[in-house]
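Down below is the structure, laid out as structure tokens.
The values are calculated or read from the model by the stated rules, or taken from the named source; none is laboratory data. Note that this is a predicted model, so its numbers are computed, not measured. FYI the Cβ positions are ideal-geometry reconstructions off the backbone, even for glycines, and counts take in every protein chain you see. Areas reflect the complete protein model, heavy atoms only, side chains present, ligands, DNA and RNA absent. Shrake-Rupley method; radii C 1.70, N 1.55, O 1.52, S 1.80 Å.
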Amino acid sequence: MDYPSSIVAEASNTEHAPYTPLQGQPSTVGPPTKLRRPLKVFSVTFASVIFLLSLVTLIINQSREPLPTPNKNPSPSTPKATSFAKREPRGVAEGVSAKSNPSFFSDGVSYNWTNAMLAWQRTAYHFQPQRNWMNDPDGPLFYMGWYHLFYQYNPDSAVWGNITWGHAVSRDLIHWFYLPFAMVPDQWYDTNGVWTGSATLLPDGQIMMLYTGDTNDSVQVQNLAYPANLSDPLLIDWIKYPGNPVLVPPTGIETDEFRDPTTGWVGPDGKWRITIGSRINETIGVSLVYQTTNFTTYELLEGFLHAVPGTGMWECVDFYPVAINGSQGLDTSANGPDIKHVLKASLDNTKVDYYALGTYDPVTDRWTPDNPKEDVGIGLRVDYGRYYASKTFYDQYKKRRILWGWINETDTEEDDLEKGWASVQTIPRAVLFDNKTGTNLLQWPVEEIESLRLNSTDFEEVLVEPGSVVPLDIGMAAQLDIFVEFETELISDSVVEEYGCSGGAVDRSSLGPFGILAIADQTLSELTPVFFRPVNSTDGTLKTYFCADETRSSKALDVFKQVYGSTVPVLEDEKLGMRVLVDHSIVESFAQGGRTVITSRIYPTEAIYGAARLFLFNNATSVNVKATLKIWELNSAFIRPFPFVDSN
């Protein structure tokens with residue numbers, strides 16, 4: 001398939017109101033420093049400690065608490081745009097995780113969004129439908145030259161409900177064609193929603209698509225569908241198995257806590273296994289294992305693949321092998337001495353995706369974590385930002401494991417209805433075992449993203465002194481692929497400290513924070529810092545935190561903003577490095593080759609269109625920082641309806 005050599009550029013720049021200066025800061029920041037490309041030596045101090053202290057004043061009252069705990073009084077009707085009454089998040093009463101953010105305000109506070117602001121939020125190269133609501137990625141697969149992505153979709157509105165399977169195809173995971181709906185809620189066993197599912201490719205070429213349906217009695221059941229025509233590379237038509245449902249909640253499992261079947265894998269006995277998330281005794285997250293030979297009849301195996309007390313309902317479970325040594329992904333049925341297995345669960349209670357590495361016993365069908373202290377739900381996260389319901393698939397064409405994830409909104413339903421859409425999918429990521437640390441996965445944007453690169457700009461050893469901000473002269477900074485490495489020079493004694501990410505970019509410590517300010521306007525009234533914070537801990541170790549601070553990303557008050565992040569392993573011979581993908585309202589950040597990943601969903605009001613800028617900053621007190629960067633401007637992806645030819 002041939003794509004145009006150039007994509008229509010972003011909408012023409014719009015006139016913007018004058019920037020509001022930061023409190024206690026001069027009304028102009030000054031022109032960005034002109035930089036040569038490449039630049040061998042650079043040393044500019046752009047702002048003072050006063051600026052950074054002013055950030056403290058402005059951020060101190062920002063909330064960084066988790067979303068409010070849902071109550072039990074759902075409001076199923078679509079809210080009016082002016083209503084901000086407290087209510088239960090959409091979807092909870094229907095037996096799924098929260099699919100909306102009830103407003104934090106009861107007094108009608110809402111930002112005065114303009115059409116230009118809302119239009120700018122649409123991404124340029126992330127997958128999203130033309131309009132309306134989207135959530136979990138479903139059944140991704142590669143078939144006859146096409147990558148297929150199915151997704152939870154509401155064809156009627158920008159809020160959750162009437163869940164149908166949207167369908168899109170791509171040759172390269174970047175440029176996409178929308179196809180007709182794959183499945184709609186038209187049977188008694190899925191009339192309340194065609195929910196999340198997974199694809200299994202059989203050795204004889206058949207495709208088995210298992211998915212959760214919500215019945216007319218609001219019972220979660222598992223159903224089977226398969227392509228009507230395997231010779232069709234687009235897999236447009238799907239048949240629901242006449243004997244559905246193929247699985248109903250077993251004894252001891254609540255009827256609304258049984259969902260999201262995984263891709264199948266073959267055991268040593270030649271039988272297929274799948275696992276489904278649930279919970280027991282209200283608080284114990286579990287993964288049930290079923291055995292089948294034909295995908296229509298199943299046997300529930302005794303016990304669980306795994307269970308973790310205190311983690312609550314597990315949904316969107318994923319289970320797959322990774323090679324201990326190697327640069328390729330593995331088929332889901334692979335097993336052996338040089339393989340570890342990843343068990344991942346999306347925790348309904350916290351809306352966070354956790355994973356752990358461990359060993360799978362194919363005889364007992366049990367999985368054991370390598371480190372019980374970092375078990376599923378209490379240890380490593382797939383992504384530390386705004387990210388949920390992730391799902392992988394094995395790409396047999398390029399022999400890699402690909403990860404999809406849902407970036408959900410943090411604004412209100414009222415805002416989503418106004419802009420006419422909600423949610424985005426992440427850039428697909430290749431997943432590997434980190435054989436340097438032996439304790440985590442590596443996630444990295446698929447190589448195809450490089451096809452969008454346009455002009456690049458290099459900066460070498462840019463000096464960023466303590467308490468300073470340095471502009472990077474790259475022009476508009478709304479669609480970028482940023483690589484940056486940092487070196488630090490101790491200029492005064494550091495002290496033992498206990499800091500993390502929670503204080504954000506304004507919380508100064510001896511060795512950090514330092515990093516970039518993405519999607520910032522020229523006066524820095526809006527900005528999204530992505531940064532490292534090394535810390536000399538009280539236990540005598542040097543810990544490094546990788547963080548993203550959304551608290552100043554938008555002037556809108558009715559948007560949930562917080563600081564995300566965690567520690568990231570840094571080996572003795574490694575420099576600190578990050579890669580950041582910027583796409584309008586989405587910032588995906590990868591530290592140390594993808595050991596720690598953070599996705600941010602932001603809602604700027606000033607730092608949009610031609611006003612979006614990029615800066616370096618250093619808010620440490622005891623180190624100079626030198627940054628070396630390579631920055632690509634990225635083109636827009638080609639995402640549109642499939643160009644069917646009418647033969648009549």
Across segment 509-522, what is the number of residues that are open to solvent by less than 10 Å² (accessible area, probe 1.4 Å) and part of a loop (DSSP other than H, G, I, E, B)? 5
For Phe393, indicate whether it is among the hydrophobic types (A, V, I, L, M, F, W, C), over 30 Å from Thr523 (Cβ atoms) and modelled with pLDDT of 95 or more. yes
Residues being acidic (Asp, Glu) and open to solvent by less than 10 Å² (accessible area, probe 1.4 Å): count how many of those fall in segment 417-469. 1
So, of the residues in segment 137-159 that are among the hydroxyl-bearing types (Ser, Thr, Tyr) and under 22 Å from Asp204 (Cα atoms), which turns out to be nearest to the chain's Cα centre (by Cα)? Tyr147
Answer yes or no as to whether Met134 is more than 24 Å from the chain's Cα centre (by Cα) and within 24 Å of Gly277 (Cα to Cα). no
With respect to Glu526, is the statement that it is crowded, with 20+ Cβ neighbours inside 10 Å, of a type in the set (Asp, Glu) and part of a loop (DSSP other than H, G, I, E, B) true? yes
Meets criteria (open to solvent by 40 Å² or more (accessible area, probe 1.4 Å) and either among the basic types (Lys, Arg) or touching a residue at least 40 places away in the same chain (Cβ under 8 Å) (or both)) for Gly377: no
Only residues in segment 131-158 that are more than 29 Å from Ala119 (Cβ to Cβ) count as the first member; pair them with residues that are of a type in the set (Ser, Thr, Tyr), Cβ under 6 angstrom, at least 6 apart or cross-chain, and list the lot. Gly139/Ser198; Phe142/Tyr397
Only one of Thr599, Thr628 is surrounded by fewer than 23 Cβ atoms within 10 Å (Cβ to Cβ) and assigned to a strand (DSSP E or B); which? Thr628
Give segment 636-647 a look and list any residue that's within 17 Å of Arg171 (Cα to Cα) and assigned to a loop (DSSP other than H, G, I, E, B), or say none. Ser636, Ala637, Phe638, Phe642, Pro643, Phe644
Only one of Lys344, Lys340 is in contact (Cβ under 8 Å) with a residue 60 or more places away in the chain, in contact with a strand residue (DSSP E or B) (Cβ under 9 Å, 6 or more places away or on another chain) and open to solvent by less than 60 Å² (accessible area, probe 1.4 Å); which? Lys340
Identify, by number, the condition in (1) modelled with pLDDT of 95 or more; (2) more than 16 Å from Gly139 (Cα to Cα); (3) in a loop (DSSP other than H, G, I, E, B) that Val221 doesn't meet. (3)
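Please tell me if Ala307 is open to solvent by 10 Å² or more (accessible area, probe 1.4 Å), within 20 Å of Gly358 (Cα to Cα), in contact with a strand residue (DSSP E or B) (Cβ under 8 Å, 6 or more places away or on another chain) and without any contact (Cβ under 8 Å) to a residue 60 or more places away in the chain. Spell out how you get there, then give the answer.
Working: open to solvent by 10 Å² or more (accessible area, probe 1.4 Å): yes; within 20 Å of Gly358 (Cα to Cα): yes; in contact with a strand residue (DSSP E or B) (Cβ under 8 Å, 6 or more places away or on another chain): yes; without any contact (Cβ under 8 Å) to a residue 60 or more places away in the chain: yes.
So Ala307 fits the description; yes.
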How about segment 263-281: which of its residues are more than 19 Å from Leu330 (Cα to Cα) and touching a residue at least 24 places away in the same chain (Cβ under 8 Å)? Ile276, Gly277, Ser278, Arg279, Ile280
For Tyr178, indicate whether it is touching a residue at least 12 places away in the same chain (Cβ under 8 Å) and open to solvent by 10 Å² or more (accessible area, probe 1.4 Å). yes
Number of the exception - Val506 against (1) in a strand (DSSP E or B); (2) of a type outside the set (D, E, K, R); (3) open to solvent by 10 Å² or more (accessible area, probe 1.4 Å): (1)
Got a sec? Which of Ala518, Ala478, Ala505 is closer than 11 Å to Asn619 by Cβ, in contact with a strand residue (DSSP E or B) (Cβ under 9 Å, 6 or more places away or on another chain) and in contact (Cβ under 8 Å) with a residue 24 or more places away in the chain? Ala505
If I ask for residues that are open to solvent by 60 Å² or more (accessible area, probe 1.4 Å) and farther than 14 Å from Phe615 by Cα, which ones from segment 470-491 would you list? Glu485, Glu487, Thr488, Glu489, Leu490, Ile491
Residues of segment 532-568 satisfying the condition of being of a type in the set (A, V, I, L, M, F, W, C) and open to solvent by less than 30 Å² (accessible area, probe 1.4 Å): Phe532, Val535, Phe546, Cys547, Ala548, Ala556, Val559, Phe560, Val563, Val568
Complete set of residues in segment 472-503 that are assigned to a strand (DSSP E or B) and either in contact with a Phe, Trp or Tyr (Cβ under 7 Å, 6 or more places away or on another chain) or within 30 Å of Ile427 (Cα to Cα) (or both): Gln479, Leu480, Asp481, Ile482, Phe483, Val484, Glu485, Phe486, Glu487
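Look at segment 367-396 and say how many of its residues are assigned to a strand (DSSP E or B) and polar (S, T, N, Q).
Residues in segment 367-396 being assigned to a strand (DSSP E or B) and polar (S, T, N, Q): 3 in total.
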Set Lys555, Lys575: member being in contact (Cβ under 8 Å) with a residue 12 or more places away in the chain, of a type in the set (Lys, Arg) and touching a Ser or Thr at 6+ places or on another chain (Cβ under 7 Å): Lys555
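Pick from Met209, Met183: which is touching a Leu at 6+ places or on another chain (Cβ under 8 Å) and under 25 Å from Glu94 (Cβ atoms)?
Met209
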What's the number of the condition Ser327 fails, among (1) open to solvent by less than 40 Å² (accessible area, probe 1.4 Å); (2) of a type in the set (Gly, Ala, Ser); (3) modelled with pLDDT under 95? (1)
Check Val559, Val587, Val570 and return the single one that is in contact with a Phe, Trp or Tyr (Cβ under 7 Å, 6 or more places away or on another chain) and either in a strand (DSSP E or B) or hydrophobic (A, V, I, L, M, F, W, C) (or both). Val559
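Matching residues to (1) surrounded by fewer than 22 Cβ atoms within 10 Å (Cβ to Cβ); (2) modelled with pLDDT of 95 or more; (3) of a type outside the set (S, T, N, Q); (4) in contact with a helix residue (DSSP H, G or I) (Cβ under 7 Å, 6 or more places away or on another chain):
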| position | (1), (2), (3), (4) |
| --- | --- |
| Ala591 | no, yes, yes, no |
| Tyr603 | no, yes, yes, yes |
| Phe617 | no, yes, yes, no |
| Thr621 | yes, yes, no, no |
Would a scan of segment 300-323 turn up a residue that is aromatic (Phe, Trp, Tyr), closer than 16 Å to Leu442 by Cβ and at pLDDT 95 or above? yes
